[in-house]
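Scroll down for the structure; my scribbles are underneath it.
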Amino acid sequence: MPLGPPSSAVFIQNAAPGFTSTPGRTPTSVTVHPVALFSILDHYLRRTDAQERVIGTLLGTRSDNGEVEVRSSFAVLHSETEEQVAVDMEYHRTMYDLHHKVNSKEVIVGWYSTGSNLNTYSALIQNFYSQETAPHQAIHLALNTGVEEGQKAGVQAYVGSPVGVTPKPENCVFVPIPCELRFNDAERSGLDLLTSNLSNAANGSFTNPSSDLELLERSLVSVSEMLDRVLAYVQSVLSGEVKGDAAIGRYLMDALGPSTEDLEKGGFNSHLQDTLTVSYLANLVRSQAEVSARLALVKVS
Amino acid sequence: MAAATSMAAALAATLPAPQAAPAPSAPTYEAIPASMAKVIDIEAEISITSVQLDAMVVSKIIKHAKEAPGSSAHGLLLGLDLDGTLEVSNSFPLPHHSNDDDDKSTKGVARYQGSMLRSLKDVQADDSVIGFYQGMTLGSFFNQTLVDSQAIHQEKLRHGGVVIVHDISQTARGNASFRAFRLTRPFLNAYKKNNFSTASLIDHRLTFSTILEEVPLKIRTNALLSAFLGSLSEAAPPSTAQSNPALATSSAAIPPSYSRLNLGTGNTARNLELVVEALDNYKTEEGNLAYLQRQIAREKAKADAAVAKRKDENATRIAAGLAPLPDEDVSRQFKIPPEPSRLDSMLLLGRIDAYGKSLEETASTGLVKMYAAKANVGN
């Protein structure tokens, strides 16, 4: 799942780590969890007027194959002027210590900034974070909020590599690496909750639907829509309007092939009985609990 | 005028909270614009009618609840209230404290909390605590800590604060569930007196369902975030020239999910186990209560007997023309134990009810899914 506008960029893997002094594996890809993205966006919303962009620290884990997983992020104070850039290092350390107390598995993996212009200051900040993440390399996430006209919202990930004859902190090439959005089941349902009402919530707020059945209905409706789409496609192929694609045909075969035969062979009835028993039991327990609670209130006369 | 006020309310609802409400602790008060005068209450007079949860908080709570061991996720909610709506705009997890050294860990948590609040204030985030959140499994969130913390919060915080509970198991099933609660007044009264005897329960009409009252909860995604999510979830434009809508593959970052259509009722067994476990606990608790009741009854009977005996003695002494002995000291000899607190058993009942409810919901959804699958086979 790519995170950002499609581009024709080829990701250059700087396969020879010999030119840097870092013994850790070079990050080859980045996955971002939604919570980190949301925090960055919130931080961007809360910036002061004087701030053009905001920066912060990314926390996460590294795996052996060079994949960096960004699990969360926090904002860091910084100031940029014409002459200088300053990052509040003390603040950064404090926040990291606080986060470390709650989740000790997450370590500093890099930093983020909003906007997609990479300049000398970016190189300097990258240099600072490289010291923080040593011996591993720091990654840089550039999140484009899509607020400025003509720019698409998206995220780009970079690793820095030194450039020039003599390495200087302000000289740095940002090498893009692939970046993906990653979520587990729980985060998935959270995202569903947030995205499901995007279209019909005019003012951006909606009530929490909490019935399983409602959600089931919604899923069924969307499946039914998809079937309609497939049907329309198949019919147009049959009538010769569109040339059929063999690959799609095979996928359809695979998807619609599985039968529910074992449901037929008495499996349905036994499962039905189980489910009904469970439902009965649940109701019984609940009514007993209610009666018991009421009985406690009865005065002994 | 009515139109003007409703306009003001609408305006207030669209404005982000931090700019709308001047911090009450600021030494110099900014003049509140006339249009906002109705909706800003420095004295906390407008009572809370709903809770609004920011998308970032949703994702933060889900993350923490998933990572914390068991259902022990616990953290603070930050935000502001505006015109009866409590806007939760940020949250942070509290470290999981083991019970080895209570005093030390409490202090550590307090220091952590203070430090975190200061840090968040530095980056213009809201820094007023308005409640806490709690992870739970299978719908059961009644426990002593929740009640205790919320009771403290309701004392101290402006508007009393809320507790937001998040069901991990339901979220894993594909239905992210958040509910907001606060303690009811009768329960709080009883809690303050620390009296959960039968008489007090009857007085306050308390059962497990009247401990907490639910506050309607809304989820809000701010404009920037919904724009971002929108561009992620919308399918990328098909690159090939033949743009048949049927062929447009969804290459979006957030593909639609169908985990909800899964027929399996995975954690029914675990749910049943939990019901049985809670029932066992309840039975033990009831046994203890009954034992204490019997003991009280016995002691009472003994005391009554002694008093009656003394009375008889006095009657004979008066008949014999002697001065009667005082009878107060007799009843003082017997110590009648105080009536046991029924809070535990009430919370346990609440837990049983919650497990039962979640079991019922799983079963009914399962039933619907099964019949749907069956109908599919039939035709």
Under 5 Å between amide hydrogens, which residues at least 5 positions from B:Phe196 or on another chain qualify, with H placed 1.01 Å from N in the peptide plane? B:Arg342
Checked region B:261-376 with the C-alpha gyration tensor, a ≥ b ≥ c its square-rooted eigenvalues, rounded below a/c of 1.5, otherwise prolate if a/b is larger than b/c and oblate if not; verdict prolate
Long-range amide H partners of B:Ser72, meaning residues 5 or more apart or on another chain whose placed amide H is closer than 5 Å, are none
In whole Hz, what ³J(HN,Hα) sequence does region B:57-62 give by Karplus (6.51, -1.76, 1.60; θ = phi - 60°), x for Gly and Pro? 5, 3, 6, 5, 5, 4
With DNA, RNA and ligands ignored, accessible area of B:Lys121 (1.4 Å probe; Å², nearest 10): 120
Hey, rough spin-label estimate for A:Thr28 and B:Val368, points 7 angstrom out along Cα→Cβ, what's it come to in nanometres? 4.5
Counting only protein heavy atoms and rolling a 1.4 Å probe, how much accessible area do A and B lose on contact, total for both sides, in Å² to 100? 8300
Theoretical FRET efficiency, 1/(1+(r/R0)^6), r = Cβ-Cβ of A:Leu276 and A:Val165, R0 56 Å, to 0.05: 0.10
A student applying the Cα gyration tensor rule (rounded when a/c is under 1.5; otherwise prolate if a/b is larger than b/c, oblate if not) would label region A:29-182 rounded
Cleavage-rule hits (GluC sites (Glu not before Pro)) in region A:98-178: DSSP loop, at most 12 neighbouring Cβ within 10 angstrom: A:Glu148, A:Glu149
How would you rank A:176-183, B:308-315, B:161-168, highest first, on the average number of other Cβ atoms within 10 Å across their residues? B:161-168, A:176-183, B:308-315
Straight distance only, please: which lysines reach the Cα of B:Lys156 with their own Cα at less than 23 Å, same-chain residues fewer than 8 apart left out? B:Lys104, B:Lys107, B:Lys121, B:Lys192, B:Lys193
What figure, in Å² to the nearest 10, do you get for the accessible area of A:Lys152 with a 1.4 Å probe and non-protein molecules left out? 110
Pairwise label distance in nanometres, A:Asn65 with A:Asn117, each label 7 Å out on the Cα-Cβ vector: 3.9
Relative frequency of Cα-Cα separations exceeding 18 Å in region B:136-226, percent: 53
With the 8 Å Cα cutoff and a minimum separation of six or more residues, region B:261-376 has a relative contact order in percent of 46
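The values are calculated or read from the model by the stated rules, or taken from the named source; none is laboratory data. The structure displayed is predicted, hence computed values, not measured ones. Backbone-built Cβ (ideal geometry, glycine too); neighbour counts: all protein chains shown. Surface accessibility is based on the protein's heavy atoms, side chains included, excluding ligands, DNA and RNA. Shrake-Rupley method; radii C 1.70, N 1.55, O 1.52, S 1.80 Å.
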